[in-house]
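Notes to accompany the following structure.
The values are calculated or read from the model by the stated rules, or taken from the named source; none is laboratory data. Source: prediction; values computed, not measured. So basically every Cβ, Gly included, is an ideal-geometry build from the backbone, and we count neighbours across all protein chains shown.
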Amino acid sequence: AKNVGIVAMDIYFPPSCVKQEALEAHDGASKGKYTIGLGQDCMAFCSEVEDVISMSLTVVTSLLEKYKIDPKQIGRLEVGSETVIDKSKSIKTFLMQIFEEHGNTDIEGVDSTNACYGGTAALFNCVNWVESNSWDGRYGLVVCTDSAVYAEGPARPTGGAAAIALLIGPDAPIAFESKYRASHMAHVYDFYKPNLASEYPVVDGKLSQTCYLMALDSCYKQLCKKYEKFEGKQFSISDAEYFVFHSPYNKLVQKSFARLVYNDSVRNASSIDKASKEKLAPFSTLSGDESYQSRDLEKVSQQAAKPLYDAKVQPTTLMPKQVGNMYTASLYAALASLIHNKSSELAGKRVVLFSYGSGLTATMFSLQLREGEHPFSLANIARVMNVAEKLKSRHEVVPEKFIETLKLMEHRYGAKDFVTSKDSGLLPPGTYYLTEVDSLYRRFYSKK
Ligand code: ACO
């Protein structure tokens, strides 16, 4: 199979959201801390009738319908998620309901979990399958689904929720350049979920930021090395049209891209203009550790990176800023934002992605974009995702209501024997929602 990659995609996020500006005021944070300091506009969250299973049922059904894919045509289904509803039964098995109905039970794949990285692991599994001898000619389907919620405190505004479905096959408009892939994996306690009775993570926010940037540096250096080995020339920021980052909050994405600019300046790459090189020169002798601590470097590199950030990163930031951290779906929602914003200009362009999951696992990889043929064209993918309309038709709720929902969900997490309020009122038609968890913890869903 040639040009294996993403042939189609769709995204779903809950219609309820809270404005960061309102949350800031409610929490008594200084004005601008969440909106400018973290760079976030709005945050989506699951109401009591939605969860990672309902969101993934919704997005898979929608993708199959909108691209007219026969469910029998799916041969592998992989889910990436870090939202644990069951310690044994995979989310994938819930999704089998859609396929069983059409007589298709011959579908490989289960769930992958490691913080925000599970979706990337699932994606690589599907791409590798299509490229392998075990491929039976059918499509792979990747689902990234998460509800990111934090305990009261500074991490709470970095939540979010969404599910994304990616259809994988040959002749893809979003094709993998599998040679250009570099990983960094290590054992760290930066963000983890050891308390199985709570949905909330234990998080060392500052450590997680540094780990993210260290993993980014390491992946970028490895990717540059691999590129140079294959191409016989230096790789720099100029060799990719866009950079897409896992986005816990937008400020970290700004810092990350600035870090790549700093890397290029230390390597004396041609991507960096003379003025910026001069400004960054005093920092070129810093040790790794010193460079992560230096506030001056952070400031100067962000200034130097600004014009390149606006061109190469800003078009990827729409949904991560509007929906929040979607964990496994966050990186792919950023890619979806790029397709939404630039679909007509992307053919022939290289896009580099950086996936990070705490704990930690990280990979940087490269995609080549092509126009594609209907229904699998970039233009049609943008049309199907209908991002502008989905964002516009959301309902803003006040912070008090958001917090009330989180309190209810704290009680519901791991609970049995309850029915939901059946208030599917806000949900658009076609959305799945949770109706009941019975005395044996079995979950029941309906479709609106
Ligand atoms: N106006 C403008 N900017 C402000 C204001 C204000 N009024 N107040 C603060 N800021 C800035 C700060 O200067 C800082 O920016 P800087 O880093 O550029 O200096 C930023 O806002 C955040 O302020 P902090 O005081 O650093 O924030 P705090 O420590 O309270 O929390 C954190 C931020 C650590 C990111 C927290 O939200 C968190 O733990 N989130 C979850 C962890 C996370 O997302 N990690 C990322 C990778 S792992 C993953 O994906 C889960």
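Examine the stretch 403-423 for a residue that is over 30 Å from ARG181 (Cα atoms), within 16 Å of the ligand (Cβ to nearest atom) and either within 22 Å of the chain's Cα centre (by Cα) or not acidic (Asp, Glu) (or both), and state whether such a residue exists.
If we filter the stretch 403-423 for residues that are over 30 Å from ARG181 (Cα atoms), which is where we start, we get 403-423.
Going one step further and asking which of them are within 16 Å of the ligand (Cβ to nearest atom), we end up with 406.
With either within 22 Å of the chain's Cα centre (by Cα) or not acidic (Asp, Glu) (or both) added as a condition, the list becomes 406.
Within the stretch 403-423, one or more residues are over 30 Å from ARG181 (Cα atoms), within 16 Å of the ligand (Cβ to nearest atom) and either within 22 Å of the chain's Cα centre (by Cα) or not acidic (Asp, Glu) (or both).
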* Hey, VAL387 within 30 Å of LYS179 (Cα to Cα), of a type in the set (Val, Ile, Thr) and either crowded, with 18+ Cβ neighbours inside 10 Å or within 21 Å of the chain's Cα centre (by Cα) (or both) or not -> no
When every residue in the stretch 13-51 that is within 12 Å of the ligand (Cβ to nearest atom) and polar (S, T, N, Q) is compared, the one nearest to the chain's Cα centre (by Cα) is GLN40
Looking across the stretch 131-161 at residues that are within 14 Å of the ligand (Cβ to nearest atom) and assigned to a strand (DSSP E or B), the single one that is nearest to SER62 (Cα to Cα) is CYS144
Is it true that PHE176 is within 14 Å of the ligand (Cβ to nearest atom) and in contact with a strand residue (DSSP E or B) (Cβ under 6 Å, 6 or more places away or on another chain)?
no
Exactly one of LYS299, LYS349 is closer than 23 Å to ASP10 by Cβ and either of a type in the set (D, E, K, R) or free of Cβ contacts under 8 Å to residues at least 60 places away in the same chain (or both), and that one is LYS349
Per the filter on the stretch 172-196, residues part of a loop (DSSP other than H, G, I, E, B), among the hydrophobic types (A, V, I, L, M, F, W, C) and at pLDDT 95 or above are ALA172, ALA186, VAL188
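Is at least one residue of the stretch 101-122 closer than 30 Å to LYS321 by Cβ, out of contact with any strand residue (DSSP E or B) (no Cβ under 6 Å at 6 or more places or on another chain) and not acidic (Asp, Glu)?
Taking the stretch 101-122 first, the residues closer than 30 Å to LYS321 by Cβ are 111-122.
So of that shortlist, the ones also out of contact with any strand residue (DSSP E or B) (no Cβ under 6 Å at 6 or more places or on another chain) come out as 113.
Filter again for not acidic (Asp, Glu), leaving 113.
Yes, the stretch 101-122 contains at least one residue that is closer than 30 Å to LYS321 by Cβ, out of contact with any strand residue (DSSP E or B) (no Cβ under 6 Å at 6 or more places or on another chain) and not acidic (Asp, Glu).
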Picking from VAL110, VAL84, the residue that is touching a helix residue (DSSP H, G or I) at 6+ places or on another chain (Cβ under 8 Å) and surrounded by fewer than 17 Cβ atoms within 10 Å (Cβ to Cβ) would be VAL110
SER301 fails exactly one of (1) within 15 Å of the ligand (Cβ to nearest atom); (2) polar (S, T, N, Q); (3) exposed (fewer than 13 other Cβ atoms within 10 Å of the Cβ), namely (3)
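Tell me, please, whether a residue that is within 16 Å of the ligand (Cβ to nearest atom) and in contact with a Phe, Trp or Tyr (Cβ under 7 Å, 6 or more places away or on another chain) can be found in the stretch 218-232. Walk me through it before giving the result.
Looking only at the stretch 218-232, we keep the residues that are within 16 Å of the ligand (Cβ to nearest atom), and these are 218-219.
Those left that are additionally in contact with a Phe, Trp or Tyr (Cβ under 7 Å, 6 or more places away or on another chain): 219.
Yes, the conditions are met somewhere in the stretch 218-232.
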*asked:* Any residue that is assigned to a helix (DSSP H, G or I), in contact with a Ser or Thr (Cβ under 7 Å, 6 or more places away or on another chain) and of a type in the set (Gly, Ala, Ser) - is there at least one of those in the stretch 287-308?
replied: yes
Among helices (runs of 4 or more DSSP H) entirely within the stretch 309-398, at least 2 residues that are within 15 Å of the ligand (Cβ to nearest atom) and out of contact with any Asp or Glu (no Cβ under 6 Å at 6 or more places or on another chain) occur in 318-323, 330-342
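Is the stretch 62-74 home to any residue that is assigned to a strand (DSSP E or B), within 27 Å of LEU123 (Cα to Cα) and more than 16 Å from the ligand (Cβ to nearest atom)?
There is at least one residue in the stretch 62-74 that is assigned to a strand (DSSP E or B), within 27 Å of LEU123 (Cα to Cα) and more than 16 Å from the ligand (Cβ to nearest atom).
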Exception for ILE168 within (1) more than 16 Å from the ligand (Cβ to nearest atom); (2) of a type in the set (A, V, I, L, M); (3) outside any strand (DSSP E or B); (4) buried (at least 18 other Cβ atoms within 10 Å of the Cβ) falls at (3)
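Residues to consider are ALA281, ALA269, ALA275; find the one that is part of a loop (DSSP other than H, G, I, E, B), more than 13 Å from the ligand (Cβ to nearest atom) and farther than 21 Å from SER355 by Cβ.
Numbers: ALA281 fails: part of a loop (DSSP other than H, G, I, E, B); ALA275 fails: part of a loop (DSSP other than H, G, I, E, B).
After ruling out the rest, the residue left standing is ALA269.
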Within the stretch 202-212, residues more than 7 Å from the ligand (Cβ to nearest atom), surrounded by fewer than 20 Cβ atoms within 10 Å (Cβ to Cβ) and either in a helix (DSSP H, G or I) or touching a residue at least 60 places away in the same chain (Cβ under 8 Å) (or both) come out as LEU207, THR210
